[in-house]
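Following: one structure in structure tokens, then a few remarks.
The values are calculated or read from the model by the stated rules, or taken from the named source; none is laboratory data. It should be emphasised that the depicted structure is a prediction, and the values quoted were computed from it without experimental measurement. No Cβ is skipped: glycine too gets one built from the backbone with ideal geometry, and neighbour counts run over all protein chains shown. Note: areas computed on protein heavy atoms with side chains; ligands, DNA, RNA excluded. Shrake-Rupley method; radii C 1.70, N 1.55, O 1.52, S 1.80 Å.
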Amino acid sequence: MAISSKLYVVILLVLILIVSFPSRTKSESENNINETKCGSNNTDRQRQGCTNNKNEALKWKLIAIASILMTSITGVCLPLLSRIIPGLQPDTNLFVLVKAFASGVILATGYMHVLPDSFDCLRSECLPDKPWRKFPFTTFVAMLSAVLTLSVDSYAMSYFNKKHKLESGETQNSLVHGEAKCDDKSSQLLRYRVVAQVLELGIIVHSVVIGLSMGASDNPCTIRPLVAAICFHQLFEGMGLGGCILQAEYGMRMKAMLVLFFSITTPFGIGIGIGLSNVYSENSPTALIVVGLLNACSAGLLNYMALVDLLASDFMGPKLQNNMKLQSWAYLAVLLGAGGMSVMAIWA
């Protein structure tokens with residue numbers, strides 16, 4: 001399942017257009033909302049000495065772009081350096097533990113960061129009570145997103161398995177002639193490739209939203225803690241994605257494309273946010289609805305991928321099932337990754 005670089009570019013641009021659309025309707029939206037009620041968060045920050053400072057905020061945004069880019073590249077490339085670092089090869093215990101830790105980070109990202117952000121947006125006082133506070137849209141959309149991810153996972157595997165068999169001229173009788181093992185390996189490789197690309201797409205969605213929100217903010221008190229939190233997140237989420245890319249055994253061109261898109265999405269989102277900071281209103285009803293729904297979609301996808309395609313796949317696999325000690329260490333690694341990312345929710 002190879003998605004072309006052009007398709008990734010199209011997906012990225014569509015997401016940016018969708019998220020930045022509210023900037024064109026700022027004045028129209030703000031005329032219809034209660035400024036006192038929707039501006040309460042800014043008032044609270046000002047009372048704490050956290051006033052908007054565009055020059056100071058720009059300095060922190062530029063620091064964020066550089067540091068997030070470097071940590072993203074470092075995280076996603078580490079597993080791909082297995083030839084230089086033999087301990088990071090997919091068949092080693094260290095790789096299993098690192099991947100378990102990174103999977104815990106991805107799981108906590110969905111539950112502790114993206115999902116609560118969606119609740120905050122769709123339950124905002126800037127939106128009318130009906131229907132936004134009368135129905136749990138966040139969990140509903142996240143549920144549909146998880147089911148949709150399952151269907152993409154399932155149909156992609158079915159389609160490419162069938163395509164592979166037709167191209168290789170296999171028949172049902174070929175299993176009798178000793179090709180079953182080869183077929184299983186090919187099917188597993190295909191599975192890894194589906195997982196890597198679906199996970200990449202989910203990460204791109206929430207990375208655009210995170211970057212745009214940071215870039216559009218002019219409050220240094222909001223940006224400073226986000227820099228450290230997002231760097232931590234990108235480092236270990238990148239390691240999880242890098243492990244999936246390594247197992248997928250892509251060629252150099254495909255690896256480079258996946259690494260590039262993961263690394264630049266958040267910094268690119270910040271850059272777009274900086275450009276829109278004069279016109280983008282994060283409290284406009286349109287912005288809250290669009291960002292809230294995108295976050296809910298991303299949360300459902302990330303939670304499904306972390307639990308089903310990463311954790312369940314590894315913990316139910318032969319390597320961990322045949323080694324109880326390694327399995328216990330892997331559970332500890334998951335808890336450490338999820339716990340560390342959960343602590344980051346205090347600041348981000």
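Brief remarks on what is shown
- Residue list for the range 191-216, filter: out of contact with any Asp or Glu (no Cβ under 7 Å at 6 or more places or on another chain) and open to solvent by 20 Å² or more (accessible area, probe 1.4 Å): R191, Y192, R193, L201, V205, I210
- The range 278-289, residues that are touching a residue at least 24 places away in the same chain (Cβ under 8 Å) and not in a helix (DSSP H, G or I): V279, Y280, S281, E282, N283, S284
- Every pair of residues 6+ apart whose Cβ atoms lie under 7 Å, when the first sits in the range 250-277 and is over 19 Å from G202 (Cα atoms) and open to solvent by less than 20 Å² (accessible area, probe 1.4 Å) while the second is assigned to a helix (DSSP H, G or I) and among the polar types (S, T, N, Q): G273/S213
- Lone qualifier among I245, I223 - being farther than 22 Å from W60 by Cα, open to solvent by less than 10 Å² (accessible area, probe 1.4 Å) and of a type in the set (A, V, I, L, M): I245
- For F160, the test of being surrounded by 14 or more Cβ atoms within 10 Å (Cβ to Cβ) and farther than 18 Å from A306 by Cα is passed.
- Residues that are farther than 21 Å from A338 by Cα and surrounded by fewer than 18 Cβ atoms within 10 Å (Cβ to Cβ) within the range 78-114 comprise L81, R83, I84, I85, P86, G87, Q89, P90, D91, T92, listed in sequence order.
- Unique match (being at pLDDT 65 or above and either outside any helix (DSSP H, G or I) or open to solvent by 60 Å² or more (accessible area, probe 1.4 Å) (or both)) among I68, I33, I73: I73
- Of all residues in the range 81-100, those being within 30 Å of P225 (Cβ to Cβ) and either under 20 Å from the mean Cα position of the chain (by Cα) or not in a helix (DSSP H, G or I) (or both) number 3.
- Selected residue (criterion: surrounded by the fewest Cβ atoms within 10 Å (Cβ to Cβ)) from residues of the range 294-316 that are of a type in the set (G, A, S) and modelled with pLDDT under 90: S313
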